[in-house]
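Just below is one structure, and these are the notes that go with it.
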Amino acid sequence: MKKIQMVDLKGQYEGIKTEVNDAISEILDSSAFINGPHVHAFQNELEEYLDVKHVIPCANGTDALQICMMGLGLKPGDEVITADFTFAATVEVIGLLQLTPVLVDVEPDTFNIDVKAMEKAITPKTKAIVPVHLFGQCADMDEIMALAKKHNLYVIEDNAQAIGGSYFSKDGSKQKAGTIGHVGATSFFPSKNLGCYGDGGAIFTNDDDLAHTIRGIVNHGMYKRYYHDVVGVNSRLDSIQAAVLRAKLPKLDFYNQKRWEAASKYSKAFKGQEHIISPKISCGCETDKSVCDCHVFHQYTLRITNGKRDGLAQHLNDNNVPCGVYYPVPLHKQKAYADDRYNEEDFPVTNQLVEEVISLPMHTELDDEQIDFITKLVIDFVNK
Ligand SMILES: *Cc1c(COP(=O)(O)O)cnc(C)c1O
């Protein structure tokens, strides 16, 4: 059996080696390292793929989130609501801009932000909400957009984990994740579903004015060369990363399909297991039926409900199967983000999830033998 990786970037590279190497040597020959033609081409190709009016590339996903908040003109003291159960980048940029983060609980089955908890957290100071499409599946955007409209709030989608996925609205329409709110942010960190070979990120919006504002912010607040109208940042996607992304973008649907297939095999193996909860698919598609893009499985995350999660993680590692606990500490308990405003009884789900979740290897190169090996190890250990 091939050695099992959490993310198999090398195996994936083998399949696109010629395109990537050729593009990189072309850039080395041209010396157009920054703002070269590949960056503009990638921007256009991604706009087309996502069916969104504007893609603004930037240096990484964390910058993308920060720039969204700057672009919307959020001011110190404005409250921004986001999920307690996510990667810290989301809340970090809220803090950096001296906005007030308001963390709320998530749903136990999708791991995504709980819209009822969000509604309860709205105050006259609330200006924006940041749903995170955790592990590759969209938060309940119908409800979130309705709530935002009712309270006049901006919606910033953190789409770092769900690029290429779609949201299925209750009215039957379908939109790409990250293009539904006022603005969306994504990351091209190597292990993300669309990853480059370094750091990268992008912002998406259908709002022409906001896109214009953001294009200046990413470039030192310049709208005309050497005229600085606003305080900006320096956040660029470089040409080499854009070239890598151009090689991968045409394969993104195929890559996400492979993830769905691996997830489907995992879930089939875990069906009927008393102490193992497989990820829920909220759109109604069934993993063992046809392939669907409502979940792009950035992570395949189980809940182990009989207290054996930590033992299982150790057991998998002892058997050379990598795994991850995303995330082991609720944000409201992190030293940097803890605050007297929070009450433990408002976070029952996150507090439980951090004890139960475990993410299994998930990438585009997993084969059946590996999946059988992993699922058998999990089932045997949990039932022992
Ligand atoms: C990866 C990630 C980010 C940050 O992306 P970087 O490119 O690493 O800065 C933000 N939010 C979420 C949910 C992520 O998973």
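Results, tabulated for the structure shown:
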read-out: Failed item in (1) surrounded by 13 or more Cβ atoms within 10 Å (Cβ to Cβ); (2) over 23 Å from residue 311 (Cβ atoms), with residue 349 passing the rest; value: (2)
read-out: Of all residues in region 357-369 being open to solvent by less than 20 Å² (accessible area, probe 1.4 Å) and touching a Lys or Arg at 6+ places or on another chain (Cβ under 8 Å), the one that is modelled with the lowest pLDDT; value: 364
read-out: Filter pass, residue 215 being part of a loop (DSSP other than H, G, I, E, B), assigned by TED's automatic domain parsing to the domain that holds residue 143 and under 22 Å from residue 158 (Cβ atoms); value: no
read-out: Residue list for region 78-89, filter: within 10 Å of the ligand (Cβ to nearest atom) and assigned to a loop (DSSP other than H, G, I, E, B); value: 86, 87, 88
read-out: Output for region 228-272, where each listed residue is touching a helix residue (DSSP H, G or I) at 6+ places or on another chain (Cβ under 6 Å) and open to solvent by 20 Å² or more (accessible area, probe 1.4 Å); value: 232, 240, 246, 265, 269
read-out: 2 or more residues surrounded by fewer than 18 Cβ atoms within 10 Å (Cβ to Cβ): qualifying helices (runs of 4 or more DSSP H) within region 1-77; value: 9-14, 17-30, 37-50
read-out: Filter result for residue 203 (closer than 15 Å to residue 66 by Cβ and more than 11 Å from the ligand (Cβ to nearest atom)); value: yes
read-out: Which listed residue is of a type in the set (Asp, Glu), touching a residue at least 12 places away in the same chain (Cβ under 8 Å) and over 28 Å from residue 91 (Cα atoms), from 286, 261; value: 261
read-out: Index of the failed condition, residue 313 passing every other in (1) open to solvent by less than 30 Å² (accessible area, probe 1.4 Å); (2) touching a helix residue (DSSP H, G or I) at 6+ places or on another chain (Cβ under 7 Å); (3) closer than 24 Å to residue 5 by Cα; value: (2)
read-out: Identity of the residue in region 323-338, surrounded by fewer than 16 Cβ atoms within 10 Å (Cβ to Cβ) and in contact (Cβ under 8 Å) with a residue 40 or more places away in the chain, that ends up nearest to residue 384 (Cα to Cα); value: 334
read-out: Wholly enclosed strands (runs of 3 or more DSSP E) of region 172-211 bearing at least 2 residues hydroxyl-bearing (Ser, Thr, Tyr) and either open to solvent by less than 40 Å² (accessible area, probe 1.4 Å) or out of contact with any Gly (no Cβ under 6 Å at 6 or more places or on another chain) (or both); value: 183-187
read-out: Test: residue in region 285-298 that is surrounded by 13 or more Cβ atoms within 10 Å (Cβ to Cβ) and at positive phi; value: yes
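This table checks each residue for (1) open to solvent by 10 Å² or more (accessible area, probe 1.4 Å); (2) away from the ligand (no atom under 16 Å from the Cβ); (3) in the same structural domain as residue 241 (by TED's automatic domain parsing); (4) more than 17 Å from the chain's Cα centre (by Cα).
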position	(1), (2), (3), (4)
98	yes, yes, yes, yes
101	yes, no, yes, yes
118	no, yes, yes, yes
122	yes, yes, yes, yes
138	yes, no, yes, no
146	yes, yes, yes, yes
156	no, no, yes, no
169	yes, yes, yes, yes
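The values are calculated or read from the model by the stated rules, or taken from the named source; none is laboratory data. Since the structure is predicted, the reported quantities are computational estimates derived from the model, not experimental observations. Please note: Cβ atoms are built from the backbone with ideal geometry, for glycine as well, and neighbour counts cover all protein chains shown. When the accessible area is computed, the model is the full protein with side chains, heavy atoms only, and any ligands, DNA or RNA have been set aside. Shrake-Rupley method; radii C 1.70, N 1.55, O 1.52, S 1.80 Å.
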